[in-house]
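What follows is one structure encoded as structure tokens, with my remarks underneath.
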Amino acid sequence: MVPMLRQNVIVHEISLSSGTPWHVYIAAVIAGVIAIGGWIVVHRTSQSRDLKNWRRTTLLEAVSTIVETSISRRDHIQASIGNYDRFTIKQGYEVPSEVRESQRKMLAARYQVQICKANDVLIFAEEIIKLHARSSDAIQRLQRSYVETPYEIVRNMTDEQIKNNEALAEIDIIRFDHNHREIIRALQVELNLSKDKPSTGDLRILHKHLRPAGFNNKPLG
């Protein structure tokens, strides 16, 4: 009886001593925590990289759309230039559908820039859109300036008002080129391609210096 009891005790001791050591469990837990933490870091890094790539692509496409559409719209307007190298609108003139569509495209691209929070890019996107909005308003005023009388068709604008509206309709090339150049510069800074920031000071003062000689700011129409 005694030897058998002794044998059982020995087997029990062997069973206890052969179990997995506690430090192995701790190591496994630590490895699991490290693996989960690494996954979280990689996941967040991947998300951040994807967001940066999306922002970069969106800004490139938005600015390209604004500049290309702006140039296209002005080209359509230039096609209506009359004598003396200035915009001339004839009675019954209809704005081409491409011109109307271009303003919608620029506005949609402007909202994309705003979503990306590229503030300097947004400033010049809005300036470009303003030039075209003023052009559109001027064209509408010129269209409405024709009045039919019992004897003839006359215009209810003075020569100076017609000239100023035509200048707005055509879009001043100096402001046009300046805003295109600065929006591209702002984009390059946003994409870390350049550190040469655009001139985003008081644009009213800036445009005053850019205004061609003889340009008149009197109320139009």
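Checking each residue in the stretch 123-160 for being open to solvent by 50 Å² or more (accessible area, probe 1.4 Å), of a type outside the set (Ser, Thr, Tyr), more than 30 Å from VAL113 (Cα to Cα) and not in a loop (DSSP other than H, G, I, E, B) picks out ARG141, GLN143, ARG144, VAL147, GLU148, ILE153, VAL154, ARG155, ASP159, GLU160. Residues that are part of a helix (DSSP H, G or I), of a type in the set (Val, Ile, Thr) and more than 13 Å from HIS180 (Cα to Cα) within the stretch 54-81 comprise THR57, THR58, ILE77, listed in sequence order.
Among the residues of the stretch 147-174, just one is in contact with a Lys or Arg (Cβ under 8 Å, 6 or more places away or on another chain) and either within 15 Å of SER64 (Cα to Cα) or among the basic types (Lys, Arg) (or both), namely LYS163.
For the stretch 161-178, a residue qualifies if it is assigned to a helix (DSSP H, G or I), closer than 14 Å to ARG74 by Cα and either of a type in the set (Phe, Trp, Tyr) or open to solvent by less than 20 Å² (accessible area, probe 1.4 Å) (or both), and the qualifying residues are GLU166, ALA169, PHE176. Of all residue pairs spaced 6 or more apart or on separate chains, those with beta-carbon atoms under 7 Å, a first member in the stretch 68-79 that is under 17 Å from GLU166 (Cβ atoms) and a second member that is open to solvent by 20 Å² or more (accessible area, probe 1.4 Å) and in a helix (DSSP H, G or I) are HIS76/GLU98; ILE77/GLU170. When GLN188 is tested against the conditions (1) open to solvent by 30 Å² or more (accessible area, probe 1.4 Å); (2) under 25 Å from LEU51 (Cβ atoms); (3) modelled with pLDDT under 90, the lone failure is (3).
The values are calculated or read from the model by the stated rules, or taken from the named source; none is laboratory data. Please read all numbers here as calculations on a predicted model, not as lab measurements. Glycine gets a Cβ as well: all are built from the backbone with ideal geometry, and neighbour counts include every protein chain shown. Heads up: the accessible areas ignore ligands, DNA and RNA and are worked out on the full protein's heavy atoms, side chains in. Shrake-Rupley method; radii C 1.70, N 1.55, O 1.52, S 1.80 Å.
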